Amino acid sequence: QVQLVESGGGLVQAGGSLRLSCAASGNIFSINAINAMGWYRQAPGKQRDLVAAITRGSTTEYADSVKGRFTISRDNAKNTVYLQMNSLKPEDTAVYYCDARLARGTLINDYWGQGTQVTVSS
């Protein structure tokens, strides 16, 4: 119902910046049902954890490890969510996944992007 296309991953030195983008597409009904979008990351051998999320009303949530360094934003007209990543650290290295949460009444569904690799060198 919803397809997510990510871009912006790559290799960057510690202290550098990177901007991830995630564009959502699909039928109008599904797009309108998106309640929140977020970014998760998963390093090798670790769980997939929330990095940042933003609701349709622009309420934001961040993991403690990225507060003050990362900023999530939305462009509702373009159905796109961004993650501005500043002051990157080697421990930020992971595959970053975009998530769209759809809410239809009491039904909740999550759709995921393919993931984009972010590598921060020392």
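The values are calculated or read from the model by the stated rules, or taken from the named source; none is laboratory data. Given the structure is predicted, the values throughout are model-derived calculations rather than measurements. FYI the Cβ positions are ideal-geometry reconstructions off the backbone, even for glycines, and counts take in every protein chain you see. These accessible areas exclude ligands, DNA and RNA; they are computed on the full protein's heavy atoms, side chains included. Shrake-Rupley method; radii C 1.70, N 1.55, O 1.52, S 1.80 Å.
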Subject >> the range 92-112 - residue that is outside any strand (DSSP E or B) and in contact with a strand residue (DSSP E or B) (Cβ under 8 Å, 6 or more places away or on another chain) and, of those, most open to solvent (accessible area, probe 1.4 Å) >> reply: THR93
**OP:** Exactly one condition in (1) in contact with a strand residue (DSSP E or B) (Cβ under 7 Å, 6 or more places away or on another chain); (2) of a type outside the set (D, E, K, R); (3) free of Cβ contacts under 8 Å to residues at least 24 places away in the same chain is not met by ILE72; state its number.
**Re:** (3)
Original post:
Failed condition for ALA77, given (1) exposed (fewer than 14 other Cβ atoms within 10 Å of the Cβ); (2) in a loop (DSSP other than H, G, I, E, B), with all others met?
Top reply: (2)
**OP:** Could you check how many residues of the range 19-36 are in contact with an Asp or Glu (Cβ under 9 Å, 6 or more places away or on another chain) and open to solvent by less than 10 Å² (accessible area, probe 1.4 Å)?
**Re:** 2
**OP:** Return the residue satisfying two criteria in turn: it lies in the range 44-73 and is surrounded by 14 or more Cβ atoms within 10 Å (Cβ to Cβ) and modelled with pLDDT under 95, and of such residues it is farthest from ASP99 (Cα to Cα).
**Re:** ARG56
